[in-house]
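Note sheet for the following structure.
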Amino acid sequence: GWYGVFDLRTMPGQADPAAPHWRMMGCVAAACGPRLDQASPAARVGPDTPPMLLIAGTRDRVVPARQSIAMAARLSEAGVRHELLLLDDVDHSFIGATAADTSDATRRAVAATFRFIDDMLAPAARQP
């Protein structure tokens, strides 16, 4: 996922009812109870989890890169195929300090996405 939220328990704004993730959930942090795990992909990782591509900017102030880093660790523990691409010095939506930085980060994310899809589809294409 591109700058994905994978674990609501570790998102910033745990006490802020105006945070977008809590508005979406209709509850705030611990008051959400078991719904937190139900809405957090990291809590649902297992051997049947499909391959995942995780891409995040290292300066993302909306969804911290540590969300993707922690998800990659969970996927590794479960033996799930995945790739993690951290884009240095870009914020959410891969916004960089300059237009050129934004363009470069976006191109890298798109290229990684197509490469990942090609890699996932390649075995099926080789089957008779």
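Derivation of every value follows stated rules applied to the coordinates shown; laboratory data play no part. Everything numeric here is computed off the predicted structure, so don't read it as measured data. Cβ sites come from the backbone with ideal geometry, for glycine too, and all protein chains shown count toward neighbours.
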*Looking only at residues in segment 43-60 that are in contact with a strand residue (DSSP E or B) (Cβ under 8 Å, 6 or more places away or on another chain) and assigned to a loop (DSSP other than H, G, I, E, B), which one is surrounded by the most Cβ atoms within 10 Å (Cβ to Cβ)?*
Thr58
*Any residue in segment 48-55 that is touching an Asp or Glu at 6+ places or on another chain (Cβ under 8 Å) and farther than 17 Å from Asp119 by Cβ?*
no
*Of the residues that sit in segment 31-42 and are touching a residue at least 12 places away in the same chain (Cβ under 8 Å) and in a loop (DSSP other than H, G, I, E, B), which one is surrounded by the fewest Cβ atoms within 10 Å (Cβ to Cβ)?*
Ala39
*Specify which of the listed residues (Val63, Val90, Val110, Val28) is of a type in the set (Val, Ile, Thr), in contact (Cβ under 8 Å) with a residue 60 or more places away in the chain and out of contact with any Leu (no Cβ under 8 Å at 6 or more places or on another chain).*
Val63
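So which residues in segment 63-79 are assigned to a loop (DSSP other than H, G, I, E, B) and either surrounded by 14 or more Cβ atoms within 10 Å (Cβ to Cβ) or among the acidic types (Asp, Glu) (or both), if there are any at all?
Within segment 63-79, the first condition is being assigned to a loop (DSSP other than H, G, I, E, B), and the residues that meet it are 63-64, 78-79.
Across segment 63-79, the qualifying residues are Val63, Pro64.
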